[in-house]
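Comments concern the structure below.
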Protein chains: 2
Amino acid sequence: MEIQKVFLAESEIPRQWYNIQADMPTPLQPPLNPATGQPVGPDDLAPIFPMNLIEQEVSTERWIDIPDEVLEKFLLWRPTPLQRATALEKYLDTPAKIYFKDESVSPAGSHKPNTAIAQAYYNKAFGIKRLATETGAGQWGCALSLGCSMFGLELKVYMVRVSYEQKPYRQLMMKTWGAQCVPSPSSDTQFGRKLLEEDPDCSGSLGIAISEAIEDAVSTADTKYSLGSVLNHVMLHQTIIGLESQKQMKTVGEYPDVVIGCVGGGSNFAGLAFPFIRDKIHGKDLSIVAVEPTACPTITRGPFAYDFGDTAATTPLLPMFTLGHNFLPKPIHAGGLRYHGMSPLVSQLVRDKLVEPRSYDQLQSYEAGVIFARTQGTICAPETNHAIAAVIQEALKAKEEGKSKNILFNLSGHGLLDLSGYDAYLEGLLTDYHMPEDEIQEAVKVLNGYPKPK
Amino acid sequence: MEIQKVFLAESEIPRQWYNIQADMPTPLQPPLNPATGQPVGPDDLAPIFPMNLIEQEVSTERWIDIPDEVLEKFLLWRPTPLQRATALEKYLDTPAKIYFKDESVSPAGSHKPNTAIAQAYYNKAFGIKRLATETGAGQWGCALSLGCSMFGLELKVYMVRVSYEQKPYRQLMMKTWGAQCVPSPSSDTQFGRKLLEEDPDCSGSLGIAISEAIEDAVSTADTKYSLGSVLNHVMLHQTIIGLESQKQMKTVGEYPDVVIGCVGGGSNFAGLAFPFIRDKIHGKDLSIVAVEPTACPTITRGPFAYDFGDTAATTPLLPMFTLGHNFLPKPIHAGGLRYHGMSPLVSQLVRDKLVEPRSYDQLQSYEAGVIFARTQGTICAPETNHAIAAVIQEALKAKEEGKSKNILFNLSGHGLLDLSGYDAYLEGLLTDYHMPEDEIQEAVKVLNGYPKPK
């Protein structure tokens, strides 16, 4: 029998995160203050983030030490297994070897705790007693609840009301870890009360939830705000995924020809890919593929522009691929990929042709997910299924070409709390949505008034 | 940092199951035909099980080879990690070392696939094309759906209607793996139609669902029935848990002083404990603790008697601890522990004082589960929480006595699809239930007419 799983001894867990800002051929352009058009400095971020995380956000040091307190919590589920998908290979009858990094084994079921644990630790170390955050589909709210539970921080999660009602298990997970989760808009903030007065049945949005969490953080003593994707320090914390994978691939004497991850805000992709992109910058020949849904084609069809990170336009302007901060993607089931923008780091790497952007349909993704579940066993998150669709395409291409090839992808999370999408797919109720060009043009009009990046 | 996880290389996965029937000081008494009172032979079981599994059911060989085809599927998630719960130890401030075997990492989230994969394989090998089974809370239905998916068998699951409606995610898992799941009573069997005619709103029971599945199996071509606990071959398949654990404990140079598992039908407990009971039979000094809920006190308060395995009284009479096959436990949240009987193998080992039976309350169990989730991260199944309650008691006893001690328990499953119990607990809505003696006496009256075991 061929070896299917590669474990890494705990003693081999990476002790440093990799900061790709040290190696990027084109440095990141600064975030801008929307009022002045001037670069935002660390002090501008101090009301919402602790200074130790702001330092990481702007750092250009290549390696940043992982604190022992964080490593100790990582060891609850890390190093995660690297696995060979031999049953899938056999099903596809491909000469390609398919490897995946299994981030679904965390207590929250996804890669998100990698940064949640770190952010909880740094806030605690800075003397913060309480965090506020938002969550859409619920993955991030769960991960930060776990993180805060580990370090004894209070947490309040503003969860988009429609998700709060559709996904009761998510808020029960948060509750079990001791966090408070309220549907947003809530009557707990000024902004929420205003919206509820106008429309008591308002179903909420991620933009509204962010605004409530930020208002909570700036108006409550000892409280900061926390974000689960997009920002540089979040990408940094996730690089432990790729650093472990590199050690594990080395153990089996292989190196990937293609590295694949799905992208919403960019964090699970960055986590796996950045250490490999470093190799690519230094001359290694491999493809790095970022997969998004056709229904939210940020990096495949959006412009690179300065835009707000949130719908309510409260963040600094970030240089990134974007469909405009008012863009509301069709309600596809991969909630974590329905984001109008993209991590500035990932965006710059796409511009520099170090990352190849691709988009896949919802139906193709679920088809891939069902094949994976019925061969490899694991029922993946709908987001992850987009990566698997690309993996299957690459494996079938290898078969056509009669070439062996190593494919590595990130199994970013399981789908046990997101099964209604599978049901809709199996019942033939799902449809694809390709954005017409005029809709994209309409959505990005909002960007016209802002400064332009180089 | 202390080592928290002990991985086992895939090459070290056990190649044989351990059959405790070869070592038991008192041999198992035979199952009886209720009509004749005579021992049931292999041929009597042939209408519902394939002969290769019947042979395992009655075998007294000590070691039984695991077929390569089964091992190959096990490698999708096995060997599972053995983990040290250092965060829990620290929280309890105990000198005890707490280890757990993590069976929650299977694609179905529990230990159940260990036998589901094996049963699907043996049925396939025997030429069977389709299986029928029942499921209560849904864990077994999910596991067998996975197993049948792996070997290309059709599966129909009769799921107790009240669970079917309360736990929609469970049937969506089954559907994703390609199984058909219907609420029971269903209009697909004669017995189901009869019940629905009498009461169209009948909410079902495990006994009814078993009767429908057996009727389906005996009346449909190329179809057999499959059971997820209680029987000898099921216990056998689960012993891979304990065999792996023994190798892993050896790796860290330790041996358990106490081995703990929760018991419903007995299979996760047997899986971990049987290989250690073998050592105990051969003179090793350790305690083996089986934990059940006070609301369903089969081995702590029930008589040892011949009784039916199912409520509808269709199985052979089995020699076991039982509360009577008509006993309907109060609806506590640990659905997997609400079984009137107990595996005959586990029952006999309790009689021979090789296993110490204990019962714990629901509230104490959830309290233990919440402590575990907030220290170790993992949210466990309500069934597993009963084992954790015993672990915490043992660890605190070690603290009182100022003695170090190795405690090993089976983390039989995660609780991500069973969160409503946590909610009820955290909201203060749960209550305990200690069965009054007269209720037990009333329930076991049904046993009076049957033959008595020795």
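The values are calculated or read from the model by the stated rules, or taken from the named source; none is laboratory data. Every value quoted in this text rests on a predicted model; they were computed, and no experiment measured them. In this analysis, Cβ positions are derived from the backbone assuming ideal geometry, glycine residues included, and neighbour counts consider all displayed protein chains. Accessible surface is based on the protein model in full, side chains and every heavy atom, while ligands, DNA and RNA are left aside. Shrake-Rupley method; radii C 1.70, N 1.55, O 1.52, S 1.80 Å.
With respect to the stated conditions, B:K112 is surrounded by 24 or more Cβ atoms within 10 Å (Cβ to Cβ) and among the charged types (D, E, K, R). Only one of the numbered conditions (1) at pLDDT 95 or above; (2) acidic (D, E); (3) surrounded by fewer than 24 Cβ atoms within 10 Å (Cβ to Cβ) is violated by A:E165, and that is (1). Got at least one residue in the stretch A:282-297 being over 30 Å from A:Y122 (Cα atoms), open to solvent by 10 Å² or more (accessible area, probe 1.4 Å), in contact with a Lys or Arg (Cβ under 8 Å, 6 or more places away or on another chain) and β-branched (V, I, T)? Checked the stretch A:282-297: no residue is over 30 Å from A:Y122 (Cα atoms), open to solvent by 10 Å² or more (accessible area, probe 1.4 Å), in contact with a Lys or Arg (Cβ under 8 Å, 6 or more places away or on another chain) and β-branched (V, I, T).
For the stretch A:362-382, filtering for residues that are in contact with a Ser or Thr (Cβ under 6 Å, 6 or more places away or on another chain) and either at pLDDT below 95 or open to solvent by 30 Å² or more (accessible area, probe 1.4 Å) (or both) leaves 1. Check the stretch A:101-109 and report whether any residue there is in contact (Cβ under 8 Å) with a residue 40 or more places away in the chain, open to solvent by 10 Å² or more (accessible area, probe 1.4 Å) and closer than 19 Å to A:V252 by Cβ. The answer is yes; a qualifying residue exists.
When you look at A:K397, is it surrounded by 19 or more Cβ atoms within 10 Å (Cβ to Cβ) and under 16 Å from A:P256 (Cβ atoms), yes or no? Considered against the rule, which asks whether it is surrounded by 19 or more Cβ atoms within 10 Å (Cβ to Cβ) and under 16 Å from A:P256 (Cβ atoms), A:K397 comes out as no. Taken together, the residues in the stretch A:175-229 that are open to solvent by less than 30 Å² (accessible area, probe 1.4 Å), away from chain B (no Cβ under 14 Å), part of a loop (DSSP other than H, G, I, E, B) and closer than 25 Å to A:A46 by Cα amount to 4.
Taking the criterion of being open to solvent by 10 Å² or more (accessible area, probe 1.4 Å) and either in contact (Cβ under 8 Å) with a residue 40 or more places away in the chain or of a type in the set (A, V, I, L, M, F, W, C) (or both), the residues of the stretch A:135-153 that qualify are A:G136, A:A137, A:Q139, A:W140, A:M150, A:F151, A:L153.
Quick check, is B:T300 in contact with a Lys or Arg (Cβ under 9 Å, 6 or more places away or on another chain), open to solvent by 20 Å² or more (accessible area, probe 1.4 Å) and farther than 30 Å from B:A35 by Cβ? Taking the combined requirement at face value, the residue satisfies it.
Within the bounds of the stretch A:296-303, is there any residue that is within 16 Å of A:M342 (Cα to Cα), assigned to a strand (DSSP E or B) and of a type outside the set (S, T, N, Q)? Scanning the stretch A:296-303 turns up no residue that is within 16 Å of A:M342 (Cα to Cα), assigned to a strand (DSSP E or B) and of a type outside the set (S, T, N, Q).
Note on the stretch A:428-451: among residues that are free of Cβ contacts under 8 Å to residues at least 24 places away in the same chain and out of contact with any helix residue (DSSP H, G or I) (no Cβ under 9 Å at 6 or more places or on another chain), the one that is nearest to the other protein chains (Cβ to nearest Cβ) is A:G428. Scanning the stretch A:433-454 for residues that are open to solvent by less than 90 Å² (accessible area, probe 1.4 Å) and out of contact with any strand residue (DSSP E or B) (no Cβ under 9 Å at 6 or more places or on another chain) turns up A:M435, A:P436, A:E439, A:I440, A:A443, A:G449.
Within the stretch B:31-62, the set of residues being open to solvent by 60 Å² or more (accessible area, probe 1.4 Å) and either in contact with a strand residue (DSSP E or B) (Cβ under 9 Å, 6 or more places away or on another chain) or farther than 26 Å from B:Y121 by Cα (or both) comprises B:P34, B:A35, B:T36, B:Q38, B:P39, B:P47, B:R62. The criterion of at least 1 residues that are within 14 Å of another protein chain (Cβ to nearest Cβ) is met by the following helices (runs of 4 or more DSSP H) wholly inside the stretch A:36-133: A:68-74, A:86-92, A:113-125. Among the residues of the stretch A:140-172, those identified as of a type in the set (A, V, I, L, M) and assigned to a strand (DSSP E or B) are A:L155, A:V157, A:M159, A:V160. Take the conditions (1) open to solvent by less than 40 Å² (accessible area, probe 1.4 Å); (2) part of a loop (DSSP other than H, G, I, E, B); (3) not hydrophobic (A, V, I, L, M, F, W, C); A:H333 misses just one of them, which is (1). For A:D310, the conditions (1) within 21 Å of A:Q29 (Cα to Cα); (2) acidic (D, E); (3) modelled with pLDDT of 95 or more all hold with the exception of (3). Being buried (at least 23 other Cβ atoms within 10 Å of the Cβ), of a type in the set (A, V, I, L, M) and either under 20 Å from A:Y255 (Cβ atoms) or out of contact with any Phe, Trp or Tyr (no Cβ under 9 Å at 6 or more places or on another chain) (or both) holds for only one residue in A:I3, A:I117, A:I20, and it is A:I20.
Screening B:L408, B:L417 for residues that are in a loop (DSSP other than H, G, I, E, B), closer than 25 Å to B:S106 by Cβ and open to solvent by less than 10 Å² (accessible area, probe 1.4 Å) leaves exactly one candidate, B:L417.
The conditions of being out of contact with any Asp or Glu (no Cβ under 7 Å at 6 or more places or on another chain) and open to solvent by less than 20 Å² (accessible area, probe 1.4 Å) are not met by B:D352.
Residues checked against (1) in contact with a helix residue (DSSP H, G or I) (Cβ under 8 Å, 6 or more places away or on another chain); (2) hydroxyl-bearing (S, T, Y); (3) closer than 30 Å to A:W77 by Cβ; (4) within 14 Å of chain B (Cβ to nearest Cβ):
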site: A:V355; (1), (2), (3), (4): yes, no, yes, no
site: A:Q364; (1), (2), (3), (4): yes, no, no, no
site: A:G369; (1), (2), (3), (4): yes, no, yes, yes
site: A:G377; (1), (2), (3), (4): yes, no, yes, yes
site: A:A389; (1), (2), (3), (4): yes, no, yes, no
site: A:K403; (1), (2), (3), (4): no, no, no, no
site: A:H414; (1), (2), (3), (4): yes, no, yes, yes
site: A:D423; (1), (2), (3), (4): yes, no, yes, yes
site: A:L426; (1), (2), (3), (4): yes, no, no, yes
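Would you say B:L345 is modelled with pLDDT of 95 or more, touching a helix residue (DSSP H, G or I) at 6+ places or on another chain (Cβ under 8 Å), of a type in the set (A, V, I, L, M) and open to solvent by 30 Å² or more (accessible area, probe 1.4 Å)? No; evaluated as a whole, the condition is false for this residue.
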